[in-house]
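Novice: If you scroll down you'll find the structure; I have some questions about it.
The values are calculated or read from the model by the stated rules, or taken from the named source; none is laboratory data. Just so it is clear, the structure is predicted and the values come from calculations on it, not from any experiment. Cβ coordinates were reconstructed from backbone atoms using ideal geometry, including for glycine residues, and neighbour counts include every protein chain displayed.
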């Protein structure tokens, strides 16, 4: 019996060692790749690197002042912004209360006409008029349309990449083309360091927002609410003329796009043909102008990254996926941020874009594969 036990343990160790030494393709052959296909003619568009030596970059968080943001979004002078800040802090009766408020970074509101801007530490929100928050509520409630367990795939990305294609359309709105709206939004995005070429545009048309409303029960601009925000009477639908464009912008560093598993490094802008900018939000992320240090790391090829993505989908029991492309980008996993030093370490990663069909709709998504370890970046 003892000899048989030793033999079994030896066999397990041998098989385990084989598994650890198996290539990605051998693992795919063993575990099965499911119905995961390569786009088009059988070849995925893969960025070819001149060298497998790439920089891991350390930078710090970007910090824009109240004066900068007040001027950009509200056209306020530095003096007007300073007065607004002083008036806000004047509500604190003691020096200790004020120092504590400054330390924890309470939201400072700036107002001009109907527009307001709230700024706290690295987080900023702009509303073009009092009820503009209803557009924001509609946008973020799209998260309820697609939860990971409805498709069987545990996506390592946050909701905006999975739901926006299903939530909103790409149509043009009356009174303003996408190009006209983008030109206005580009000015804002460029001023705070976002890449204009990496923007995405969706249309929050009445049909799309009403479909979301039927699921969430959130009010439209015409729905009457009380001071507490509770709906009074019946829920009114969104009107055609209330449709807006939604723009998303990303940051970049050293010629590479910065992807994120959260909303950092992404600027959200909602633009109405007549009211112009009605909503903006972003969490201040990477300071693309300030590279503190670099370290050279060896990365896997794009072909290996695609195989790793196939293996990831297979392990998640997700099929009927078509992989379209792979490009090298940077990512900032949550574990790479130091709150004490306000620094971030950006890892090179492969951005694998893919497509699948759900409820008759082509959904575009992507997964981030760590370019050094080959694992999916999930947080």
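Novice: So, of the residues in region 212-242 that are part of a helix (DSSP H, G or I) and in contact (Cβ under 8 Å) with a residue 12 or more places away in the chain, which turns out to be surrounded by the fewest Cβ atoms within 10 Å (Cβ to Cβ)? Don't jump to the end; show me each part of the working.
Specialist: In the first step, residues of region 212-242 are kept if they are part of a helix (DSSP H, G or I); the result is 212-216, 240-242.
Next, only the ones that are in contact (Cβ under 8 Å) with a residue 12 or more places away in the chain stay: 212-213, 215-216, 240-242.
Numbers: 212: 23, 213: 20, 215: 12, 216: 16, 240: 10, 241: 12, 242: 19.
Residue satisfying both the conditions and the ranking: 240.
Novice: Select from region 342-359 the residues that are in a strand (DSSP E or B) and out of contact with any helix residue (DSSP H, G or I) (no Cβ under 8 Å at 6 or more places or on another chain) and list them in ascending order.
Specialist: Correct list: 343, 348, 349, 351, 353, 355, 356, 357.
Novice: Which numbered condition trips up residue 30, out of (1) at pLDDT below 50; (2) surrounded by 12 or more Cβ atoms within 10 Å (Cβ to Cβ); (3) assigned to a helix (DSSP H, G or I)?
Specialist: Among (1) at pLDDT below 50; (2) surrounded by 12 or more Cβ atoms within 10 Å (Cβ to Cβ); (3) assigned to a helix (DSSP H, G or I), residue 30 violates only (2).
Novice: Can you name the helices (runs of 4 or more DSSP H) wholly within region 87-181 that have at least 2 residues being modelled with pLDDT under 75, closer than 30 Å to residue 349 by Cα and under 17 Å from the mean Cα position of the chain (by Cα)?
Specialist: Hits in region 87-181: 160-167.
Novice: Within region 191-208, can you find the residues that are farther than 20 Å from residue 125 by Cβ and part of a helix (DSSP H, G or I)?
Specialist: Matches in region 191-208: 206, 207, 208.
Novice: Given (1) under 17 Å from the mean Cα position of the chain (by Cα); (2) at pLDDT 85 or above, identify the lone condition not met by residue 377.
Specialist: Every condition holds for residue 377 apart from (2).
The rows are residues; the columns are (1) modelled with pLDDT under 80; (2) surrounded by fewer than 22 Cβ atoms within 10 Å (Cβ to Cβ).
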residue: 307; (1), (2): no, yes
residue: 312; (1), (2): no, yes
residue: 337; (1), (2): yes, yes
residue: 341; (1), (2): yes, yes
residue: 357; (1), (2): yes, yes
residue: 368; (1), (2): no, no
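Novice: In addition: Collect the residues in region 38-72 that are in a strand (DSSP E or B), at pLDDT below 80 and within 15 Å of residue 304 (Cα to Cα), keeping them in residue-number order.
Specialist: Hit for region 38-72 is 38, nothing else.
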